[in-house]
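Accompanying notes for the structure given below.
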Amino acid sequence: MSSVDENSSKEALVFVYGTLRPAYSRLACGSMLVPPNVLHEHAEHRGGALLRNYELFDVGEYPGIRSRSIETGSVGLSAAVVGDLF
C-alpha cells in the first residue's frame, strides 16, 4: 500500500474511498448494489493507498474527507483514510 503524499509522479491520480473502491465492486457483484463500473472501466487501478492525516466525517448521505492530526503528549498520532489510486 502506498502513501498518497509519497507519490512524486507528474501524472494526475485520483484517490477513492468507500463505495468507489474495487473491493466494493467485488462485494456488490450478484447483489442489488450497483458497483461504480465507469471508473474501473476507464481508469487504471494503481493499487491500495493510505491518505495520512485525513479522516472521514458525516456530511449527510455521503461521508466527507478532511485533514486531521491529533497530538497526544509527545507522541503524534495521525488519522488516515484507506482507499485506492486510479
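What residue, among those in the range 33-53 that are open to solvent by less than 40 Å² (accessible area, probe 1.4 Å) and more than 12 Å from the chain's Cα centre (by Cα), is modelled with the lowest pLDDT?
P35
Could you list, ordered by first residue, the pairs with Cβ atoms under 9 Å in which the first is in the range 57-68 and open to solvent by less than 90 Å² (accessible area, probe 1.4 Å) and the second is among the β-branched types (V, I, T), at least 6 apart or interchain?
Close Cβ pairs satisfying both conditions: F57/I65; I65/V81.
Residues are listed down the side, and each one gets a yes or a no for (1) exposed (fewer than 13 other Cβ atoms within 10 Å of the Cβ); (2) on the phi > 0 side of the Ramachandran plot; (3) modelled with pLDDT of 75 or more:
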position	(1), (2), (3)
D5	yes, no, no
E55	no, no, yes
G73	yes, yes, no
D84	no, no, yes
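The values are calculated or read from the model by the stated rules, or taken from the named source; none is laboratory data. Computed from a predicted model, the values in this text were never measured in an experiment. Cβ atoms come from the backbone with ideal geometry, glycine included; neighbour counts cover every protein chain shown. Just the protein is used for accessible areas: all its heavy atoms, side chains included, with ligands, DNA and RNA removed. Shrake-Rupley method; radii C 1.70, N 1.55, O 1.52, S 1.80 Å.
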